[in-house]
């Protein structure tokens, strides 16, 4: 999510660890400069479910979990966004738990020959991606890191044909004045992923809604 692609951060947790009495880590499913994501099993009496659990150091100088919480709460109930469950701290790490989703679009393409989507799949995924961005922009946010790996499908049979937008660490609130979205500033700093970033990002300009829709 950055120009220099920093290595994944270390987290002192492993499969089998119990977090806050009710969560048992199953396996690590992702990592980044912020920390790591685990599949976890939640058990509290008769209630049980499998969740995604994301960790971030409390001392991290650019906290991203706060953005995740704000966005997931703002988009609660929207069909292209994971359900948010809980936020807390554990051993000098912040964590959030949310709905466990499935593989990203890149992983889906790489699963079988000819390693590309047919036209029907492209149209189906494309329409849903636009719907997800429309909901985000309508809620007053710009993503600033749109790329294939940030679109995933659902984690159940019922949601396996549904596209979800993820990874809101670089999201920013749109600047509004008198109910009107204001034009982004011409001055900013690079945000996004080099390969997929818009021209404005490479020119170090502040990003707006249009930059979520074009390279």
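The values are calculated or read from the model by the stated rules, or taken from the named source; none is laboratory data. Keep in mind it's a predicted model, so treat the numbers as computed, not measured. All Cβ positions, even for glycine, are placed from backbone atoms using ideal geometry, and neighbour counts span all protein chains on display.
A few comments on the model shown:
The rows are residues; the columns are (1) in the same structural domain as residue 52 (by TED's automatic domain parsing); (2) touching a strand residue (DSSP E or B) at 6+ places or on another chain (Cβ under 7 Å); (3) under 16 Å from residue 207 (Cβ atoms).
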| position | (1), (2), (3) |
| --- | --- |
| 126 | no, no, no |
| 137 | no, no, yes |
| 149 | no, yes, no |
| 152 | no, yes, no |
| 157 | no, no, no |
| 162 | no, yes, no |
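- Candidate set from region 110-139 (those that are outside any helix (DSSP H, G or I) and surrounded by 13 or more Cβ atoms within 10 Å (Cβ to Cβ)); member that is nearest to the chain's Cα centre (by Cα): 139
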